[in-house]
Amino acid sequence: MATTFRLGDMTIHRIIEQEEPLFDPLTFFPDLKKEVLEENRGWMEELGAIDKATGNLTLCIQSYVVQTPHHNVMVDTCVGNHKNRPTRPFWHQMQHDKWTKGLAATGLKPDDIDYVMCTHLHVDHVGWNTKLENGRWVPMFPKARYLFAEQELNFWVEEHKREPNDVIADSVIPVIEAGRVDVVKDTHRLGDHFQLTPTPGHTPGHVAVEIGKGKIEAVLTGDMVHSPLQMRYPELGMRADTDRVAGGVTRRKFFEHHCEANTLLCTGHFPSPSSGRIGRWGDGFRFKAEAV
């Protein structure tokens, strides 16, 4: 599934691999108190961020493709097919065509992608970096340069050396070995429309992607934030954060700045439409969904 909107001189496509209730909120956010969850359940359900039937967090697993007059850039690549993910049954050895049909619906083919940017190297952001071909993992986008932030890549390569990680083995190492990777700083600029900005906490080298020519039209947040609940409580970390304290500092600073600037946020995991702007809510912030 793909949805498309225009922003300045850019066309932005959301390619949705999955959108459904996946995780229990109290497990996903280890520091979340039950009474705080109940206090916020009503508006979270209205926003579609909590599923009424199951009580689970509804997450959208998606990629963004940004088309400028010069480049086609894929930001994050979801989970992918045929990947060994035994701890996540809903992602283990997937074999479906939803994501590939979504890409096709944009009018683009894998050969048309010029750059792939991964905000970080977690399971649901790197999967379609590669595809299985004759028993080998090969780059999904054969003509693209894959841009990995140096600190992020170094962290996961070292972790993989200490303890083998299927995600790195099947979705990162093969594109390195194919010579398709450019290792960049976390402030890297690409052309006239893309600027990486460091947003550490969820992972050490996590980056968000600012897009726009001459001004920031929007920010693709990646996993800097997972749920609108974290906008009301910026210090609320999720279970996979490498540094929950740093993540909270990053979110509060980010929300403060982009609230003042009225920036459009294109989030990685909020339920559709996934985009919106930031308003204030007491000591925290409110997500105002906006179908662009």
Subtracting the Cα-Cα distance of Ala105 and Ile176 from 0.36 nm times their residue separation yields 22.7 nm
Scoring only Lys, Arg, Asp and Glu (+1, +1, -1, -1) among other residues with Cβ under 14 Å from the Cβ of Gly284 yields +3
Within the under-10-Å Cβ sphere about Gln151, not counting Gln151, Lys/Arg +1 and Asp/Glu -1 give a net charge of -2
Between Val79 and residues 5 or more places away or on another chain, the pairs with built amide H atoms under 5 Å apart involve Gly127, Trp128
In deg cm²/dmol, rounded to the nearest 500, the helical mean residue ellipticity at 222 nm of the chain, built from -39500 (n - 2.57) for every DSSP H run of length 4 or more, is -7000 deg cm²/dmol
Neighbour-count ranking for Thr3, Thr100 (other C-beta within 10 angstrom, fewest to most) reads Thr100, Thr3
If Trp128, Trp137 are placed from fewest to most neighbouring beta carbons inside 10 Å, the sequence is Trp137, Trp128
Between the Cα axis of helix 34-47 and the main Cα principal axis of the chain, the angle (0 to 90°, nearest 10) is 70
Candidates Thr263, Thr221, Thr130; GNM for the chain (alpha-carbon contacts under 10 Å) flags as most fluctuating Thr263
Diffing region 150-167: the Karplus 3J(HN,Hα) column from phi (6.51, -1.76, 1.60, θ = phi - 60°), in whole Hz with x for Gly and Pro, holds 4, 5, 5, 5, 4, 4, 6, 5, 5, 4, 5, 5, 6, 9, x, 10, 4, 4
With R₀ set to 41 angstrom, the calculated FRET efficiency between the beta-carbons of Asn56 and Asp9, to the nearest 0.05, is 0.60
The answer for the per residue Cα convex hull volume of region 2-289, in Å³, is 125
Residue separation between Leu132 and Lys215 times 0.36 nm, minus their alpha-carbon distance, gives in nm 25.9 nm
Expressed in angstrom and rounded, the centroid-to-centroid distance over alpha carbons for region 191-234 and region 84-133 is 20
Hydrodynamic calc, region 123-200: Kirkwood Rh from Cα pairs, then Stokes-Einstein at 4 °C with viscosity 1.567 mPa s, so D in µm² s⁻¹ is 97
Between the modelled labels at Glu150 and Glu290 (7 Å from Cα along Cα→Cβ) the distance in nm is 3.5
Long-range amide H partners of Arg145, meaning residues 5 or more apart or on another chain whose placed amide H is closer than 5 Å, are Tyr115, Val116
Helix 244-261: inclination vs the chain longest Cα principal axis, degrees, rounded to 10, gives 80
Phi-derived 3J(HN,Hα) across region 276-284 with the Karplus relation (6.51, -1.76, 1.60, θ = phi - 60°), rounded Hz, x for Gly and Pro, is x, 10, 10, x, 8, 8, x, 7, x
Fewest to most Cβ atoms within 10 Å: Arg232, Arg252 sort as Arg252, Arg232
With 0.36 nm assigned to each residue of separation and the Cα-Cα distance removed, Glu45 to Arg252 gains 72.2 nm
Given unit charges at Cβ for Lys, Arg (+) and Asp, Glu (-), the dipole magnitude of region 1-109 about its Cα centre in debye, nearest 20, is 520
Other residues with Cβ under 12 Å from the Cβ of Leu220 give, with Lys and Arg +1 and Asp and Glu -1, a net charge of -3
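No value in this document is a laboratory result; all are computed from the given coordinates. Treat the numbers as computed from the prediction; the structure is a model and nothing was measured. Please note: Cβ atoms are built from the backbone with ideal geometry, for glycine as well, and neighbour counts cover all protein chains shown.
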